[in-house]
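The values are calculated or read from the model by the stated rules, or taken from the named source; none is laboratory data. All figures in this text were calculated on a predicted structure; none of them were measured in a lab. Neighbour counts are summed over all protein chains in view; Cβ atoms, including those assigned to glycine, are modelled from backbone coordinates with ideal geometry.
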Amino acid sequence: MSGDEKKILAVTSACHSVNHLFFESLGPLLPFIIPAFHLTYTQAGRLGFTYYLIYGIFNYPSGHRVDGYGQKRMLIARAECR
């Protein structure tokens with residue numbers, strides 16, 4: 001594995017880890033979120049459900065779009081949207 005490939009692997013792994021950190025942080029934070037926003041347990045459960053539902057809905061078509069247009073073009077298009 002070349003030096004550039006190792007850098008790409010390291011950055012990809014770091015981004016993936018941050019993604020999981022955000023995904024899994026809701027559960028431990030619920031005991032603080034519920035009283036702060038005066039939520040019921042049902043409303044708090046809907047937070048996680050909605051988060052994963054939206055992620056699942058948009059993940060599938062975006063994966064097909066990347067496969068169709070190519071990773072580099074999609075990354076450039078995403079960067080230009082900012």
Any idea which of L39, L29 is surrounded by 10 or more Cβ atoms within 10 Å (Cβ to Cβ) and outside any helix (DSSP H, G or I)? L39
The conditions are (1) surrounded by fewer than 10 Cβ atoms within 10 Å (Cβ to Cβ); (2) in a loop (DSSP other than H, G, I, E, B), and K72 fails exactly one of them. Which is it? (2)
R82 fails exactly one of (1) among the basic types (K, R); (2) modelled with pLDDT of 85 or more; (3) not in a helix (DSSP H, G or I), namely (2)
Restricting the search to region 1-26, which residues are of a type in the set (A, V, I, L, M) and not in a helix (DSSP H, G or I)? M1
